[in-house]
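Participant: What follows is a structure written as structure tokens; I'll ask about it next.
The values are calculated or read from the model by the stated rules, or taken from the named source; none is laboratory data. Bear in mind that the values here come from a model prediction, so they are computed numbers and not experimental data. We place every Cβ from the backbone using ideal geometry, glycine too, and count neighbours over all the protein chains shown. The area values use the complete protein model at the heavy-atom level, side chains included, leaving out ligands, DNA and RNA. Shrake-Rupley method; radii C 1.70, N 1.55, O 1.52, S 1.80 Å.
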Amino acid sequence: MLTDDDLPALAHTLGIPGFVDIHTHFMPDRVLRKVWAYFDGAGTGHRWPIEYRTSETERVLVLEKLGVLRFTALNYAHRPGMAAWLNDWNVQFARQHPQCAQSATFYPDDDATSYVAEALENGAEVFKVHLVVGNYDPWHTNLRDVWRQLEDARVPVVIHAGAFPTATPWTGADRLRHVLEAHPELCLVIAHLGGRDYIPLWELGIRYPNVHWDTTMAFTDLFQRDATVPPEVVTAIGRHPDRVVLGTDFPNMPHRYAHQIEVLQRLGFGDDWMRQVCFENGARLLNYDAGEP
């Protein structure tokens with residue numbers, strides 16, 4: 001069994017300097033504690049103990065020890081008027097922790113176009129939206145120009161569009177199809193490989209050159225019980241290693257970090273696939289230069 005302590009040596013064996021994780025969470029303390037309370041209350045329908053329930057400083061040090069060279073602080077707004085404040089917090093966090101790609105979010109606020117423009121001007125490198133928690137239409141009128149801004153900026157957007165832990169009128173491929181048809185160069189990263197909407201989101205996204213999928217929770221013991229990846233999608237990600245990028249949900253995971261890496265190894269796609277997924281694709285999307293200190 002792979003352990004967290006084994007990960008730096010594994011990276012060396014793969015011939016990569018470390019890992020790049022596009023799906024990690026750092027949040028204002030009061031927001032993170034509400035997220036943890038949701039998991040503690042089995043809001044997902046499963047027992048979900050938070051594996052890395054430590055201080056912010058300790059969590060950053062854990063990632064460093066694991067060999068994670070670049071990560072994100074994926075916040076997401078669940079109500080109006082929240083996104084701009086989260087974006088300001090993300091600017092400060094990235095300044096304190098330069099190994100974190102400066103993250104941002106948005107919501108269908110009347111002023112979304114304005115504060116997304118400000119986030120981009122301030123150096124945002126990745127955005128996160130959560131259609132289950134936010135419960136909004138990704139093709140909302142207030143977001144039409146936001147998607148254009150992000151397409152023009154070529155900044156990745158990690159989007160939780162699948163029906164895990166539950167479906168909403170906005171999850172799945174139908175509403176997202178409007179976004180991609182209007183903005184075919186948009187860099188979307190489908191979280192959780194599409195979590196329960198695997199096939200429709202794959203069939204939609206593979207037609208567009210800048211759509212990627214992150215591995216967050218996919219193939220882990222929990223997802224194998226309740227959100228198993230279909231064989232045809234497993235085959236597809238093996239054939240398209242350039243479109244798959246490591247994500248983990250750290251620290252909000254019910255298992256050790258190494259478990260997410262181990263289950264990817266078990267797929268048997270080989271070292272080159274692991275190199276692309278665990279380092280190269282994430283480095284490309286998050287503008288990480290392996291020569292940086």
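Participant: The chain: percent of C-alpha pairs farther apart than 24 Å?
Facilitator: Numbers: 19821 of 42778 pairs.
Roughly 46 percent, rounded to a whole number.
Participant: What spacing in nm lies between the two simple spin-label points modelled at D88 and A167, each 7 Å away from Cα in the Cβ direction?
Facilitator: Roughly 4.0 nm, to one decimal.
Participant: To the nearest 0.05, what FRET efficiency results for I206 and V133 with a Förster distance of 25 Å applied to their C-beta separation?
Facilitator: For I206 and V133, the calculated efficiency is 0.45.
Participant: Remind me, relative contact order of the range 93-251 in percent, using alpha carbon pairs under 8 angstrom and six or more residues apart?
Facilitator: Worked out over the range 93-251, it gives 17 percent.
Participant: Take the Cα atoms of the range 147-293, build their convex hull, and give its volume per residue in Å³.
Facilitator: 122
Participant: Which of F279, F106, F39 moves the most in a Gaussian network model of the chain with Cα springs under 10 Å?
Facilitator: Of F279, F106, F39, the Gaussian network model singles out F39 as fluctuating most.
Participant: Considering Cα pairs under 8 angstrom that are at least six residues apart, work out the relative contact order of the range 190-293 and quote it in whole percent.
Facilitator: Working: 108 pairs, mean separation 27.2, N = 104.
Once divided by the residue count of the range 190-293, the mean separation gives 26 percent.
Participant: For a quick check, take a GNM of the chain with Cα springs below 10 Å and name the residue from A191, A117, A173 with the largest mean-square fluctuation.
Facilitator: A117
Participant: Something else: Provide the per residue accessible area, probe 1.4 Å, for the chain, rounded to a whole number of square angstrom.
Facilitator: Working: 11770 Å² over 293 residues.
Result: 40 Å² per residue.
Participant: R0 = 35 Å: FRET efficiency of N122 with A9, Cβ-based, nearest 0.05?
Facilitator: According to the calculation, E is roughly 0.40.
Participant: With just the Cα atoms defining each centre, how far is the range 149-213 from the range 257-287? Give it in Å.
Facilitator: Using only Cα atoms, the two centres lie 20 Å from each other.
Participant: For E232, put the label point 7 Å out on the Cα→Cβ axis and report which residues of the range 195-213 keep their amide N under 13 Å from it.
Facilitator: So the set is 198-204.
Participant: For W170, W139, W213, write out the residues from largest to smallest accessible area, computed with a 1.4 angstrom probe and no ligands counted. Show your work: numbers first, answer last.
Facilitator: Numbers: W170 75, W139 45, W213 0 Å².
The ordering from most to least exposed comes out as W170, W139, W213.
Participant: Given Cβ point charges of +1 (Lys, Arg) and -1 (Asp, Glu) and nothing else, what value in debye, to the nearest 20, does the dipole of the chain about its Cα centre take?
Facilitator: Its charge dipole is roughly 480 debye.
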